[in-house]
1. Can you work out which of the residues in segment 72-107 that are charged (D, E, K, R) and either outside any helix (DSSP H, G or I) or farther than 14 Å from residue 118 by Cβ (or both) is nearest to the chain's Cα centre (by Cα)?
2. Among the residues in segment 90-108, are any in contact with a strand residue (DSSP E or B) (Cβ under 8 Å, 6 or more places away or on another chain) and touching a residue at least 40 places away in the same chain (Cβ under 8 Å)?
3. Tally up the residues in segment 40-60 that are among the charged types (D, E, K, R) and part of a loop (DSSP other than H, G, I, E, B), please.
4. Evaluate the following for residue 5: is it touching a Pro at 6+ places or on another chain (Cβ under 9 Å), surrounded by 15 or more Cβ atoms within 10 Å (Cβ to Cβ) and modelled with pLDDT of 90 or more?
5. For segment 82-105, name all the residues that are over 30 Å from residue 23 (Cα atoms) and out of contact with any helix residue (DSSP H, G or I) (no Cβ under 8 Å at 6 or more places or on another chain).
6. Could you please find all residues in segment 25-39 being among the charged types (D, E, K, R) and either at pLDDT 95 or above or not in a loop (DSSP other than H, G, I, E, B) (or both)?
7. Just name the residue that is nearest to residue 41 (Cα to Cα) out of those in segment 61-71 that are assigned to a helix (DSSP H, G or I) and without any contact (Cβ under 8 Å) to a residue 60 or more places away in the chain.
8. Can you run down the residue pairs with Cβ atoms below 8 Å, 6 or more apart or on separate chains, where the first is in segment 110-123 and farther than 16 Å from residue 45 by Cα and the partner is small (Gly, Ala, Ser) and assigned to a helix (DSSP H, G or I)?
Amino acid sequence: MAIGWCVNLAQADAYFEVERLVTKCWDGLDQSADLDKSKVLINAYNRLYYSTEFTLPTYASATATQLIILVKAQCEMGYYLCLHLEDEDIRKNLQAQAVVKAGIVKEDYKSDMLMDVPIPPWVYDLLKKGGFVTKTRFKIVEIERDMNKGIKK
C-alpha cells in the first residue's frame, strides 16, 4: 500500500540514498518497523495534499511523470518536518497566543503569518514546476474605461 505518493518505504529510502546529500535526520529515524519513517511520510503528504497552495492528485490518479515530482516533494517535505516540526510547533503555538516578540530567544513573529503553513522553498519550486500551484496573485494590466460608453443591457 502506498504511503502518500511513495509506493513504499523502500522508495523513500532510495530517494534519500540516491538523491539527497544530507540524510542524517532520515537515517536517524526508528529503524525497527520503520514506524517513524511512515509517520514522517504521512505527515508530509498530509501537509502538501491538504494545503490551499496546491491542487495535488492522489497516488491513484497521478500520472507517472507527476509521481516523480510528488515523491521528491513528499520526501523533501518529510525531511523538513523531521528537522523542524518540533520548533515550528513551538513557534506556531506562541503565535496562536498572540505573542509577537519572544524576549528570551530574541525572536519577532509576524502576526499576519499565524495561519501560514511553512513549505520549504525547494518543495514549493518542485510543485510549481509540476504545475500544481493553484494560488495566483491578482493582477490587473492596462485596464481602460471609457466613461462615455453606456452599459449594455
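1. Per the stated criteria, the residue is 72.
2. No, every residue in segment 90-108 fails to be in contact with a strand residue (DSSP E or B) (Cβ under 8 Å, 6 or more places away or on another chain) and touching a residue at least 40 places away in the same chain (Cβ under 8 Å).
3. Residues that pass the stated criteria total 1.
4. Spelling it out, residue 5 is indeed touching a Pro at 6+ places or on another chain (Cβ under 9 Å), surrounded by 15 or more Cβ atoms within 10 Å (Cβ to Cβ) and modelled with pLDDT of 90 or more.
5. 96, 97, 99, 101, 103, 104
6. 27, 36, 37, 39
7. Step by step, filter segment 61-71, then rank; the result is 68.
8. As it stands, the answer is 114/96, since those pairs meet every condition given.
The values are calculated or read from the model by the stated rules, or taken from the named source; none is laboratory data. Given the structure is predicted, the values throughout are model-derived calculations rather than measurements. With ideal geometry, Cβ positions are generated from the backbone for all residues, glycine too; neighbour counts draw on all protein chains shown.
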